[in-house]
Each structure stands twice: as C-alpha cells, then as structure tokens.
Amino acid sequence: MLIAAHEKKQHPEYQEYVENFEATLTGLEAGLRGGGNPGLIVDKCLDIARSFYDCDSAALVETNLELGYGVCVSEHCKEGVVSYEGRVINVTADETPYLYEKIMHNDVFDVQEPKDSQVLFPYENGIMNKMSIQVLAVAPYYKRTSGYIYIRNPRRYVGLYGMLQALSYVCATERNEFKLMDRLNMAASQKKCKTDSDVFIKVFGGLSITTHFGTLTESEITSSLAVRLVAYLLLHRSRKVSQRELTDALWPNAEVDSPVKQVKNVVHRTRNILNPIFPDNLVISDKTGNYYLNPNIHLVTDAGLFESFYRYRMLPSSSRKEKIHYLRQATQLYEHEFLPNYTGDAWLDNQRAYYHLSYLKAIMELLPLLYQEEAYSEMYSVSNAALNLEPGNGDIQFWHMRAMISLGGIEIAQKHYSQHNQCLSEEQKMMLINLFNESH
C-alpha cells in the first residue's frame, strides 16, 4: 500500500530507497543530457522503473479522457512476462472510476489483489486478473496530455513511489516533446502525407484538407455547411459533440425543423464530398448520435502548428536565435485569417480574433529580436508581409521604417513616414525623426 509521508522513514527499505533514488536520478540526468530523442528517453525511463522496483513490467499509457480510452504506447517486461503494449482499455468515470479520478487529480496510488478489490469496479478488477497483477502501482500525469506509468508486481520499495512519480513526469514531458517534433517534422516536409492515416488541415486563408490521396480546397468542397462542420469538430476535437450543439453551430440564427435529420444530412454530404481523399470517414459518430473526428487519423493543422511554434518560443532554455526561429515559423504559417470567408458566426469570429491577435503578438516579439540580431533584410520582409494583413498597425509601421533606415533607405523611410505617421505614437514619431536627423 502507498506509504504516507510521515511513515516513510519507518519503511524497512527507506534508507536504501533514498540512496538509490538520488543516484538513479543523477545517472538518468547525466545519461540523457544532450540526447534529444524523446522516444529513447521514454524507453530509458521504463527500463529504470522496471529495474528500480524489480517488477514484472513497466509501461506508459496515454489516455484520452474525453473519448474515454487509453493506449499502452510502450511496455518493458521481464523475460517470460506477457506484454500489453498496444492494448486499448476503457478509461471513463463509469467503468474505471478509481483510475479516472486518480488521473484527474495526479494522485499516485497502488492496489493489491485481493486486499483492495473492494475499492475497484468490476472492469478494473477484470484488468487486474487478466494481467496477473498482485500489486499495481500507478503514477498519473494530467497536464496538456494525460496518462500514467504503471508497474506490475514490484518486489522492492513497495509503497515508495516518488521515483515512479518522477519518471512519469519525465515521460509526460518527453511525449509532449515527441508529439511536437512529429508535428514540426510534418510541417518541414511541406505538409506531405506519407501514410493513409496522415491528414493535414489548413484553416488560415481558407479550408483545405490534404491526405495521402490528394487535396480538397474550400472551393472544391462547395458546401458551406460541410466547411462549418469540419471546422467546428476540428476546434472541439478533444471531445464528442452532440447533435444539438452541432445544430446551434451550423444554423446559429435559424429555427431548424428536424434538427437530428438535418445534422445527419450534413454529415452524410460531408462524407460524400471528402470520400475521394478519405477511405475511412473523417467525421464519425457513436451510437448516441454524438459526432467527432476520427481518432485513428494522424491529424496536423496549420493552426496547431502555429500554436506549437508560438508556445515553444517561451521555453526558458530558448536562446534568442531559437526564439527567432520559432516565431519565424509561426508567422509564416499565418497566411491569412482563420476561415476568412465565414464571418458572422460567433464561434468562428472568436477563433478568427484569437489567432489574429496571437499573430500580431508574435510579429511584435519577432521584429525587435530581428533588430537586435541586425537581421534588417528579414525584418523588412516580415514587417512588409504583416502590413499586408494589418496596414494600419502603428507598431508594425514603426519597425518597418526602422528596417528601411537600417538598410540605408532613408529617403524611402521618410516618404513612408509622411504617408503613415498618423498611425504612430508620439514617442515613435520622435524616435524616427531623430533617426532621420542622425542620418544626414
């Protein structure tokens, strides 16, 4: 059973555990420094967990609590122990309430058979019996992604799971890193889909959907309701969407007769339109009439990539050059507004405003960094592209003129100033005037 903090020192293996804990983590940090491969790091963590606790196996399970399932993405077993790698299990508040609550609250726990069988529900007990588990220790994580490390039948340090918790944290971080790298690699390969399950959806400037079998653009999709359906499910892809919610999203300002039938018609039409590039349906439903995007596809979007790049530049370890790289990638992805042809729907307008504001923030972080790096040509190109989308933005105009001046285009900058100085603040005007005077 899990040892309470105030009782740990009474554990017969506590002193040995503390010494091994420190030595193991130090060794892990030294061994992984500069490794940079998230998959290898996860494998190393599972090897350490199996060895440290002398258990039958150590595994990493990723969960999707919205859709109610978990997948064992990797398991390291002792010789002769059956592996459950790749196994899918239900993870819901109804069927696995004990596990579900522990994941939601990041609570490390262990259960023993048969002593603790009364705290588990039938499905949970069934898993324990099927996997021949006498002791199961679990360290969940629930941050950005959710899941847990488990160890089966530990023979050492039972009840002392600080090491398991630390390894779970490392695995969660590395799996997030792995997914980010996977998305970035897909973007770097010019959004090419290499397998039947790869899907790239573009929303900036208009909807386009690319699979291994080809691309359909917004103009080729032809149905505005199909575009709205895909966009709405895309924005809410972490959960299932009810027919009523879809009715409100697709027809926000209208009374709809037979809404269930109408939603089914839109879904059916969307599937037919997308059929040439989707052997399996993009939009699927469950028995209760909820709709969601196919969880078996590997989906990447330009909006998701934009957010990943923008978020990644905030890492404390990022140098100025690395921040420039991430911001550059983010701003290049933003070709135009989020589905610019669909205005008037509140949920679309909100997304459009959110991404446009994020783009402007990224631009205003990037331009000063480029100036500090004396990358004046790129600074000019970036500000010029931004002004095509936001011509009245005084801050962008200011940095655009700074780039002109730094490139030696004083006369051009002065002419530009005379045309656009009304956008500038008094402080910006004064700074530019001083730069003009210094150049003579």
Within segment 353-380, residues modelled with pLDDT of 90 or more and open to solvent by less than 20 Å² (accessible area, probe 1.4 Å) come out as Tyr355, Ser358, Tyr359, Ala362, Ile363, Leu366, Leu367, Leu370
If you take the residues of segment 316-352 that are of a type in the set (Lys, Arg) and more than 20 Å from the chain's Cα centre (by Cα), which of them is least open to solvent (accessible area, probe 1.4 Å)?
-> Arg320
Checked pairs for segment 292-315, first open to solvent by 40 Å² or more (accessible area, probe 1.4 Å) and modelled with pLDDT of 85 or more, second part of a helix (DSSP H, G or I) and not hydroxyl-bearing (Ser, Thr, Tyr), C-beta under 9 Å and 6 or more apart or across chains, list as Glu307/Ala330
If Arg239 passes every condition in (1) under 20 Å from the mean Cα position of the chain (by Cα); (2) within 24 Å of Gln332 (Cβ to Cβ) but one, which one does it miss?
-> (2)
Limited to segment 274-306, what total is found for residues that are of a type in the set (Gly, Ala, Ser) and either touching a Cys at 6+ places or on another chain (Cβ under 8 Å) or part of a helix (DSSP H, G or I) (or both)?
-> 2
Could you list, in sequence order, all residues of segment 10-24 that are open to solvent by 80 Å² or more (accessible area, probe 1.4 Å) and part of a helix (DSSP H, G or I)?
-> Gln10, Gln15, Glu16, Glu19, Glu22
Checking Val170 against (1) farther than 19 Å from Ser238 by Cβ; (2) open to solvent by 20 Å² or more (accessible area, probe 1.4 Å); (3) part of a loop (DSSP other than H, G, I, E, B); (4) β-branched (Val, Ile, Thr), which single condition isn't satisfied?
-> (3)
What number of residues within segment 381-407 satisfy the criterion of being hydroxyl-bearing (Ser, Thr, Tyr) and open to solvent by 10 Å² or more (accessible area, probe 1.4 Å)?
-> 2
Options Gly162, Gly126, Gly147: the member that is within 28 Å of Asp302 (Cβ to Cβ), modelled with pLDDT of 80 or more and not aliphatic (A, V, I, L, M) | Gly147
Identity of the residue in segment 62-97, open to solvent by 60 Å² or more (accessible area, probe 1.4 Å) and touching a helix residue (DSSP H, G or I) at 6+ places or on another chain (Cβ under 8 Å), that ends up farthest from Arg152 (Cα to Cα) = Glu95
Somewhere in segment 235-250, is a residue in contact (Cβ under 8 Å) with a residue 60 or more places away in the chain, of a type outside the set (Gly, Ala, Ser) and touching a helix residue (DSSP H, G or I) at 6+ places or on another chain (Cβ under 8 Å)?
-> yes
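Name every residue in segment 266-288 that is buried (at least 17 other Cβ atoms within 10 Å of the Cβ) and of a type in the set (S, T, N, Q), in order of residue number.
Selection gives Thr270 alone.
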Look at segment 52-76 and say how many of its residues are assigned to a strand (DSSP E or B) and under 18 Å from Lys102 (Cα atoms).
-> 10
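Take the residues in segment 108-161 that are part of a loop (DSSP other than H, G, I, E, B) and open to solvent by 60 Å² or more (accessible area, probe 1.4 Å), then tell me which one is farthest from Val81 (Cα to Cα).
Arg144
The values are calculated or read from the model by the stated rules, or taken from the named source; none is laboratory data. Computed from a prediction, not measured in an experiment: that's the story for all the values here. In this analysis, Cβ positions are derived from the backbone assuming ideal geometry, glycine residues included, and neighbour counts consider all displayed protein chains. For accessibility, only protein heavy atoms count, side chains too; no ligands or nucleic acids. Shrake-Rupley method; radii C 1.70, N 1.55, O 1.52, S 1.80 Å.
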